[in-house]
Amino acid sequence: MSLGAVFLSSMATGVLTEAEVSWIAAHQGSFNRHEAAVALRLGRLLDQGSINLGCRLG
């Protein structure tokens with residue numbers, strides 16, 4: 001799994017899964033500056049309600 005793939009699938013579906021959030025939290029120490037900015041963006045989108053925490057079907 002890569003942060004870029006998580007970001008793109010979240011933007012396409014509007015959903016961020018709990019497993020993806022856990023993966024981001026576990027790997028945040030190894031993110032470079034760009035990846036950290038992407039992770040922050042995902043968090044802001046969750047806070048705004050643009051992306052929902054849930055599961056993807058099919």
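At 0.36 nm per residue, and after removing the present C-alpha to C-alpha distance, how many nm does the segment from L53 to E18 gain when stretched out fully? Mind dumping the intermediate values first?
Values: separation 35, 0.36 × 35 = 12.60 nm, distance 0.68 nm.
Full extension from L53 to E18 adds 11.9 nm.
Summing Lys, Arg as +1 and Asp, Glu as -1, what charge do residues with Cβ under 12 Å from the Cβ of I24 carry, I24 excluded?
Details: positive: R41; negative: E18, E20, E35.
Value of the local net charge: -2.
Given a cut-off of under 8 Å on Cα pairs at least six residues apart, what relative contact order in percent is computed for the chain? Display every interim value, and only then the final one.
Values: 42 pairs, mean separation 29.8, N = 58.
About 51 percent, as a whole number.
How long is the gain from N32 to A5 if the chain were fully straight, where each residue apart is worth 0.36 nm and the alpha carbon distance is subtracted? Please report the intermediate quantities before stating the final value.
On the way: separation 27, 0.36 × 27 = 9.72 nm, distance 1.56 nm.
Extra length available between N32 and A5 comes to 8.2 nm.
Which of G43, G29, G14 moves most in a GNM of the chain, Cα contacts under 10 Å?
Taking springs between Cα atoms under 10 Å, the residue moving most is G29.
Which label belongs to the value computed from this structure, given these candidates for Kirkwood radius over Cα pairs in Å: [x] 11.4; [y] 12.9; [z] 13.7?
Given [x] 11.4; [y] 12.9; [z] 13.7, the calculated one carries the label [x].
With 10 angstrom as the radius, rank L40, L3, L45, L16 by how many other C-beta atoms surround their C-beta, starting from the fewest. Write down the numbers at each step before the final one.
On the way: L40 12, L3 20, L45 17, L16 23.
The order, fewest Cβ neighbours first, is L40, L45, L3, L16.
Readers should treat all values here as calculations from the given coordinates under stated rules, not as data from a laboratory. A quick note: this is a predicted structure, and the numbers were derived from the prediction, not measured. Neighbour counts run over all protein chains shown; Cβ positions are idealised from the backbone, glycine included.
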